[in-house]
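Below is one structure; the comments refer to it alone.
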Amino acid sequence: VQLQASGGGLVQAGGSLRLSCAASGRTLSNYAMGWFRQAPGKEREFVAAISRRGASTNFADSVKGRFTISRDNAKSTVFLQMNNLKPEDTAVYYCAAGRVGTTSFMSTMYDYWGQGTLVTVSR
């Protein structure tokens, strides 16, 4: 499956962005989907994940209450709604698809990765 992330940009602290991840090549409902991010000089970290049908979600503690993840399998797209953004949310955000189907925080559970979209949050 090919993944294309989009929606990144520059936003002030307290603002919102909505990231999209468009999938092609396979039926999206066969995969759990996750979002990860990597800030400059840091390791990639888990942000959020959603199960195949969207019944289950999982979030990193750092984004709970601010970010939501959703999916539209008919449109082969996954979304990450980011509210009340903070400067520490600045990173390249990656979407990923996992065949196992669990909402894992482990990057090794995901088989396919998109190219990333940059989110910059200014003070």
Any residue in segment 96-114 that is more than 22 Å from Ala22 (Cβ to Cβ), of a type outside the set (Lys, Arg) and modelled with pLDDT of 95 or more? no
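If you check Gly25, Gly65, which single one turns out to be touching a strand residue (DSSP E or B) at 6+ places or on another chain (Cβ under 9 Å), surrounded by fewer than 14 Cβ atoms within 10 Å (Cβ to Cβ) and modelled with pLDDT under 95?
The conditions single out Gly25.
Do we find a residue being among the acidic types (Asp, Glu) and closer than 13 Å to Asp89 by Cβ anywhere in segment 47-69? If you could, list the steps in order and put the result at the bottom.
Start the filter on segment 47-69 by keeping residues that are among the acidic types (Asp, Glu), which leaves 61.
Going one step further and asking which of them are closer than 13 Å to Asp89 by Cβ, we end up with none.
Scanning segment 47-69 turns up no residue that is among the acidic types (Asp, Glu) and closer than 13 Å to Asp89 by Cβ.
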State all residues of segment 74-123 that are open to solvent by 20 Å² or more (accessible area, probe 1.4 Å), more than 23 Å from Tyr31 (Cβ to Cβ) and β-branched (Val, Ile, Thr); if no residue qualifies, say none. Thr90, Thr120
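The values are calculated or read from the model by the stated rules, or taken from the named source; none is laboratory data. If you're wondering where the values come from, they're calculated on a predicted model, not measured in any experiment. Reconstructed Cβ throughout: ideal geometry from the backbone, glycine too, with neighbour counts over all protein chains shown. All accessible areas refer to the heavy atoms of the entire protein, side chains included, with ligands and DNA or RNA removed. Shrake-Rupley method; radii C 1.70, N 1.55, O 1.52, S 1.80 Å.
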